[in-house]
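Working notes, structure below.
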Amino acid sequence: LDQTNTVTVTDASINAGDVVYWTADKTYLLEGFVFVEDGAVLNIEAGTVVKGKAGQGENASALIIAQGGKIYAEGTAEKPIIFTAESDDVTDPNDLAVPVSNLWGGIILLGKARINTAAGVGHIEGLPVSAKSQYGGTDDHDNSGVMRYVSIRHGGTDIGAGNEINGLTFGGVGDGTTIDHIEVFNNNDDGYEWFGGTVNCKYLVSVFNADDAFDHDEGLRGKMQFLFAIQGEDSGNRCGEHDGGTDPEDGKPYAFPQIYNATYLGSGKMSTNPDNDELFKIRDFWGGSYKNSIFGDFAGFAMDIEDLATGNDSRKRLDDGQIIFENNIWFNFGAGDTFDAIGKHDWESAYLNDATHNNAIEDPQLAGISRTKASESLDPRPVANGPAYTNLADYPANDDFFDHVNYKGAFGSTNWLKGWTALDHYGYLVSNKALDQTNTVTVTDASINAGDVVYWTADKTYLLEGFVFVEDGAVL
């Protein structure tokens, strides 16, 4: 298919007012910066593969959805949409020597939602200054389209001015946009970076990226749920680098994303990765909330909140109750095994030690942490009815964005990474066969008795041995 049905796409291919369809029977090759311009619509069929040509600076390849443009990239778990390098054979997990990044650029969405710079608009880093690179405005409900079940692999080339492109960049993207089930794998810069905006996101995966997993700037105010990050054994900086503003740092609207059910894993407690300094770097008047989440397996500190000698800073937002970490599990930090040790300063430790916030240092009992290709050993689901299923924060009332689940972290009994991610393609994830062999529960007639309330969960296989009765008064 690649050889006989490849369509080369340049910036001349999608113009203002065009409605374009990319279909799964072809491979699309991005050559240079390709803009979906104001008024244009790009539709990408489930199962389509899009590749980027190699090149640095002005020769880099990237897909940019300009203000007023729209993308409808709607894959499925069975047929994801894959953005990758020209050299990647997506049918062969052994064709690239993973980990490898810096082979093409990435994807940029530019919208008209508010950012908190003095100008109220900006031009996204690395692109030539023009109307097509502008983001920001006054419409928090702006709609840039839909991205669903999209895997973005092996990117991060330098797109200009010394800026490596993030896997997926949001510039002033509004909450009319739908973002869910997105993976950024082996990117040479951040996995994701938001510049202001209100976009809401679910099921985001940031895997083995060279810099930060999730980076916030310029007043992000979106909602997010089910975020998973894992860093390589010797690469990756912060899991969350969160900045409030740039010019000015305390510009309005103030940053306040609301995040539930994150699982952030660093390079490993014993890793010598020097960039694993703080799992969270919080500064520039950032505020926001993390609840019902799991953080750890990180070589350095848990948190560094900026405290300036003069002016507004994130320490003030912490003191004012506008930085919230509640009902979370923290585990396996190189800095130590107490809240006094894992806060970089007294104020972080004091906050985490405050019992009213219901944070705990304990083993979340994840089924398996692995960073080895083809090992089939990574399984970030917590053990059923373990610590991750206790001490939960309530979800916001009258808000239909958040799913009300009974566990902390990004995973319950279902591993939603299976089937569509590069993690699965390259054999990092525990196979279904392995799960069957290691998690089989034998059930006899003595297992369910009168009055019992019994739960069978999807992470195990149940083997009936003989007649098994659910007796009078029992519930299965």
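The values are calculated or read from the model by the stated rules, or taken from the named source; none is laboratory data. Because the structure is predicted, anything quoted here is derived from the model rather than measured. So basically every Cβ, Gly included, is an ideal-geometry build from the backbone, and we count neighbours across all protein chains shown. When the accessible area is computed, the model is the full protein with side chains, heavy atoms only, and any ligands, DNA or RNA have been set aside. Shrake-Rupley method; radii C 1.70, N 1.55, O 1.52, S 1.80 Å.
Tabulated data for the structure shown
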| quantity | calculated |
| --- | --- |
| Residue that is modelled with the lowest pLDDT, among those in region 443-465 that are open to solvent by 70 Å² or more (accessible area, probe 1.4 Å) and either more than 18 Å from Asn385 (Cβ to Cβ) or part of a strand (DSSP E or B) (or both) | Val453 |
| Residue ID - most open to solvent (accessible area, probe 1.4 Å), chosen from residues in region 379-397 that are more than 20 Å from Val454 (Cβ to Cβ) and without any contact (Cβ under 8 Å) to a residue 12 or more places away in the chain | Asp394 |
| Residues (crowded, with 22+ Cβ neighbours inside 10 Å, farther than 17 Å from Tyr149 by Cα and modelled with pLDDT of 95 or more) located in region 35-62 | Phe35, Val36, Gly52, Ser61, Ala62 |
| Any hit, region 398-414, residues being without any contact (Cβ under 8 Å) to a residue 24 or more places away in the chain and not in a loop (DSSP other than H, G, I, E, B) | no |
| Residue ID - surrounded by the most Cβ atoms within 10 Å (Cβ to Cβ), chosen from residues in region 190-201 that are touching a residue at least 40 places away in the same chain (Cβ under 8 Å) and not in a strand (DSSP E or B) | Gly196 |
| Neighbours by Cβ (under 6 Å, 6+ apart or cross-chain): first from region 295-324, over 11 Å from Trp347 (Cβ atoms); second open to solvent by less than 20 Å² (accessible area, probe 1.4 Å) and part of a helix (DSSP H, G or I) | Phe301/Ile342; Ala302/Ile342 |
| Filter result (open to solvent by less than 10 Å² (accessible area, probe 1.4 Å), outside any loop (DSSP other than H, G, I, E, B) and in contact (Cβ under 8 Å) with a residue 40 or more places away in the chain) within region 170-183 | Phe170, Gly171, Glu183 |
| Among (1) at positive phi; (2) within 24 Å of the chain's Cα centre (by Cα) - the single one Ala393 does not satisfy | (1) |
| Subset of region 229-282 (residues that are farther than 19 Å from Leu318 by Cα and in contact with a Pro (Cβ under 8 Å, 6 or more places away or on another chain)) | Ile230, Gly232, Ser235, Thr263, Leu265 |
| One residue from Val19, Val7 being closer than 19 Å to Ala85 by Cβ, open to solvent by 40 Å² or more (accessible area, probe 1.4 Å) and hydrophobic (A, V, I, L, M, F, W, C) | Val7 |
| Verdict on Gly47 being part of a loop (DSSP other than H, G, I, E, B), out of contact with any strand residue (DSSP E or B) (no Cβ under 8 Å at 6 or more places or on another chain) and of a type outside the set (A, V, I, L, M, F, W, C) | no |
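Rundown of residues vs (1) on the phi < 0 side of the Ramachandran plot; (2) out of contact with any His (no Cβ under 7 Å at 6 or more places or on another chain), yes/no style:
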position: Ala73; (1), (2): yes, yes
position: Lys79; (1), (2): yes, yes
position: Gly105; (1), (2): yes, yes
position: His123; (1), (2): yes, yes
position: Gly137; (1), (2): no, yes
position: Arg148; (1), (2): yes, no
position: Asp158; (1), (2): yes, yes
